[in-house]
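The values are calculated or read from the model by the stated rules, or taken from the named source; none is laboratory data. Predicted, not measured: the structure shown is a model, and the values here were computed from it. No Cβ is skipped: glycine too gets one built from the backbone with ideal geometry, and neighbour counts run over all protein chains shown. Surface accessibility is based on the protein's heavy atoms, side chains included, excluding ligands, DNA and RNA. Shrake-Rupley method; radii C 1.70, N 1.55, O 1.52, S 1.80 Å.
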Amino acid sequence: MNKCDQCIVRQLSSLKALNKEEVVKLANSKTTHKIKKGEAIFEEGEVTNGVFCVKDGIGKLSKLSANGKDQIVKLVKSGELLGQRSMISNEPANLSAKAIADMEVCFIPKSEIIHFFNNNNQFSMNLMQSVCEDLKDSENDKIALVQKTVKQRLAETLLHLHDAFGENTDKTLKVQLTREELAGMIGTATESCIRLLSDFNKLEFIELVGKKIVLKNIHSLKKLAEQL
């Protein structure tokens, strides 16, 4: 069997529903791309005409705000698909996708995805469930902006970065975001984010190592994040 059969994207995404014949068809239609840190996979407003499989690396989905700032909506890693909603709705991408660490992605043309969608009920169900999960996450993020303090949102985001993406050998978070990017994720000004990180550092919840972050007291961060 080809490499697509063993790929982590197929194992963790809607593509796991494809049969052997469909996997061969997938392998023959896809193209693989290397995306360097800082480069775009696609831009907001672009017609993608397919989906992108994240084979390796870490990327961000972001939206340009009214004040011209690039606000991160979601971070993505290996095993995820990008561009599903835009392809199904037949609309241009409403978010930009960029690499925050070197990435390897595969592009599957829309014609192939639609073929699988029309001929494989389990694949179409998986794909729709994935889109619904993204919408649910978006709704939860909006609720958190209203119901949680900035301090709680920062604690929650740091825990997510740790749990979802892991840490380096020196215990620093593997995902390195700028202070501006982190501020955008929690919905506050960059200056406020920097001040909160300093407070967390003084409380020994975290340790700041240059621009990197170490989570020193995960229990306290969880307690803060879940505080009512």
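Can you confirm whether region 138-155 contains a residue that is assigned to a helix (DSSP H, G or I) and closer than 20 Å to Leu15 by Cβ?
No, region 138-155 contains no residue that is assigned to a helix (DSSP H, G or I) and closer than 20 Å to Leu15 by Cβ.
Do the conditions hold for Ser124, that is, is it in the same structural domain as Lys20 (by the TED database), open to solvent by less than 40 Å² (accessible area, probe 1.4 Å) and among the small types (Gly, Ala, Ser)?
Yes: the conditions hold for Ser124.
If you go through region 16-35, how many residues are outside any helix (DSSP H, G or I), closer than 12 Å to Phe116 by Cα and touching a strand residue (DSSP E or B) at 6+ places or on another chain (Cβ under 7 Å)?
0
I want to confirm something. Restricting to region 194-223 and keeping residues that are touching a helix residue (DSSP H, G or I) at 6+ places or on another chain (Cβ under 6 Å) and either outside the structural domain of Lys174 (by the TED database) or not in a helix (DSSP H, G or I) (or both), which single residue is least open to solvent (accessible area, probe 1.4 Å)?
Checked region 194-223; the qualifying residue least open to solvent (accessible area, probe 1.4 Å) is Ile206.
Regarding region 24-32, can at least one residue be identified that is at pLDDT 95 or above, assigned by the TED database to the domain that holds Cys106 and open to solvent by less than 40 Å² (accessible area, probe 1.4 Å)?
no
Pull up region 178-193, narrow it to residues that are part of a loop (DSSP other than H, G, I, E, B) and either in contact with a Ser or Thr (Cβ under 9 Å, 6 or more places away or on another chain) or β-branched (Val, Ile, Thr) (or both), then point me to the one that is surrounded by the fewest Cβ atoms within 10 Å (Cβ to Cβ).
My answer is Thr178.
When you go through (1) open to solvent by 60 Å² or more (accessible area, probe 1.4 Å); (2) over 17 Å from Leu75 (Cβ atoms) one by one for Lys148, which number turns out not to apply?
(1)
From the residues in region 75-90 that are assigned to a loop (DSSP other than H, G, I, E, B) and touching a helix residue (DSSP H, G or I) at 6+ places or on another chain (Cβ under 8 Å), which one is surrounded by the most Cβ atoms within 10 Å (Cβ to Cβ)?
Checked region 75-90; the qualifying residue surrounded by the most Cβ atoms within 10 Å (Cβ to Cβ) is Glu80.
Go through Ile108, Ile72, Ile41 for me and flag whichever is at pLDDT below 95, farther than 21 Å from Gln129 by Cα, aliphatic (A, V, I, L, M) and assigned to a strand (DSSP E or B).
Ile72
Could you please find all residues in region 44-69 being more than 20 Å from Ser13 (Cα to Cα), in a strand (DSSP E or B) and either of a type outside the set (A, V, I, L, M, F, W, C) or under 13 Å from the mean Cα position of the chain (by Cα) (or both)?
Ser62, Lys63
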